[in-house]
């Protein structure tokens, strides 16, 4: 007696009309398409008054990867939400801050880890913030105080630098991966 074959999309096969291998169910023909993950987040700032320095909200990661390193609030987009709503949710979940989402600041395609990052500018509605369930701590930093040597991911650096360069600008195209960083490893 032969063993029954496992059911479900577990066989790699190139479907008709496709050009790559996909996990396919040989019983019903279901094709499991694996696609890049969408990451949403925001460079959040607080400014007490027009004369006060602009402060950047950062969270120290309480989970892997990059446990203990600093990041802007960001994470996986959820089903049934817009990218803006997802960015605001991530800010709340990771840094307990309420924000007003502004323009799309950066769109970072990172094929080597199968991710697309959509990072917004956001203005904090109050100076209140605190560690969420995925964070060890949060802090507001001036530009000069940012922990550049302890940033979790290249996208954090790219987004912070794009934000700083575009201060005061209302019309701009979302920034992409800097050409010199296209092949940069995913971790510092």
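Summary table
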| read-out | value |
| --- | --- |
| Hits in the range 125-160 (condition: touching a residue at least 12 places away in the same chain (Cβ under 8 Å) and either closer than 22 Å to residue 111 by Cβ or not assigned by TED's automatic domain parsing to the domain that holds residue 54 (or both)) | 151, 152, 153, 154, 155, 156, 158, 159 |
| Single unsatisfied condition, residue 132 versus (1) assigned to a strand (DSSP E or B); (2) touching a helix residue (DSSP H, G or I) at 6+ places or on another chain (Cβ under 7 Å); (3) more than 20 Å from residue 82 (Cβ to Cβ) | (1) |
| Among residues of the range 13-30, those that are within 19 Å of residue 114 (Cα to Cα) and assigned to a strand (DSSP E or B), counted | 2 |
| Residues satisfying the stated conditions in the range 144-161, i.e. surrounded by fewer than 18 Cβ atoms within 10 Å (Cβ to Cβ) and either touching a helix residue (DSSP H, G or I) at 6+ places or on another chain (Cβ under 6 Å) or not in a helix (DSSP H, G or I) (or both) | 147 |
| Filter result (without any contact (Cβ under 8 Å) to a residue 60 or more places away in the chain and either exposed (fewer than 13 other Cβ atoms within 10 Å of the Cβ) or in a helix (DSSP H, G or I) (or both)) within the range 163-180 | 164, 165, 168, 169, 171, 173, 179, 180 |
| Filter result (part of a loop (DSSP other than H, G, I, E, B) and crowded, with 20+ Cβ neighbours inside 10 Å) within the range 78-108 | 97 |
| Members of the range 54-65 that are under 15 Å from the mean Cα position of the chain (by Cα) and surrounded by fewer than 18 Cβ atoms within 10 Å (Cβ to Cβ) | 63, 64, 65 |
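The values are calculated or read from the model by the stated rules, or taken from the named source; none is laboratory data. Just so it is clear, the model here is predicted, and its values are computed rather than measured. Note that we place each Cβ from the backbone using ideal geometry, even for glycine, and neighbour counts take in every protein chain shown.
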